[in-house]
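Below you'll find the structure, written out as structure tokens, and then a few comments.
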Amino acid sequence: MKVITTERLRLRPLTEADTDWWVRLHADAEVNRFVGSYTGAQAAARLHAIQQQWTTRGHGLCAVELRSTGEVIGRSGLNWWEEFGETEIGWTFARPHWGRGYATEAARAVLAWGFGPLGLGQITAMIHPDNTGSAAVAQRLGFTRLREDTVLGRPCTVHALTRADQPSR
């Protein structure tokens, strides 16, 4: 399993042990407005699927922790969507941690991992049209609009970034 560190953050694979935290994160009405809420059973099932993705694809969603305290403040990582044939990057953070650049910092690290060691050619970001905060993060990262779609019964704008779009290091 992969652990990614940045200047302020540590990203580690999510597991079923994170179920209670996942439910709490998504219980906030402002957080779940675009991604939905979870019961304990739903969260455990989702986290089990995330663990399976780590096993079968070598990537998945991560808990995002502050390196300074170890507090889990959000989630970010990669999710494979079989029905679209696409790998999506995602980010969701607890409201007290909004506006501090954590989503952008975590996503940059995930993109470097996806385009680097994982060798992905394209990564998408599926964002609800009203989620201006996440759309701004995607824009800062260089994503461009690909299409309008529906994911899990919710409308979304699918943004895309390719390996060729990445600035050379």
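General remarks:
- Here residue 112 does not fit the description of being in contact with a Ser or Thr (Cβ under 9 Å, 6 or more places away or on another chain), part of a helix (DSSP H, G or I) and surrounded by 14 or more Cβ atoms within 10 Å (Cβ to Cβ).
- Residue 161 of a type outside the set (D, E, K, R), farther than 20 Å from residue 61 by Cβ and assigned to a strand (DSSP E or B): no
- Of the residues making up the range 67-80, none is of a type in the set (Asp, Glu) and surrounded by 13 or more Cβ atoms within 10 Å (Cβ to Cβ).
- Positions within the range 95-109 being among the aromatic types (Phe, Trp, Tyr) and in a helix (DSSP H, G or I), in sequence order: 102
- Failed item in (1) modelled with pLDDT of 95 or more; (2) assigned to a loop (DSSP other than H, G, I, E, B), with residue 129 passing the rest: (1)
- Looking across the range 95-104, not a single residue is in contact (Cβ under 8 Å) with a residue 40 or more places away in the chain, touching a strand residue (DSSP E or B) at 6+ places or on another chain (Cβ under 9 Å) and surrounded by fewer than 19 Cβ atoms within 10 Å (Cβ to Cβ).
- Scanning the range 34-47 for residues that are exposed (fewer than 13 other Cβ atoms within 10 Å of the Cβ) and either free of Cβ contacts under 8 Å to residues at least 60 places away in the same chain or more than 18 Å from residue 151 (Cα to Cα) (or both) yields 39, 40, 41.
- Taking the range 81-94 as the range and being surrounded by 15 or more Cβ atoms within 10 Å (Cβ to Cβ) and part of a loop (DSSP other than H, G, I, E, B) as the test, only 94 passes.
- Residues of the range 119-160 classified as within 17 Å of residue 109 (Cα to Cα) and touching a residue at least 60 places away in the same chain (Cβ under 8 Å), total: 1
- Residues being under 8 Å from the mean Cα position of the chain (by Cα) and either within 20 Å of residue 120 (Cα to Cα) or charged (D, E, K, R) (or both) - total across the range 75-97: 9
The values are calculated or read from the model by the stated rules, or taken from the named source; none is laboratory data. All of these numbers come straight from a predicted model, not from anything done at the bench. All Cβ positions, even for glycine, are placed from backbone atoms using ideal geometry, and neighbour counts span all protein chains on display.
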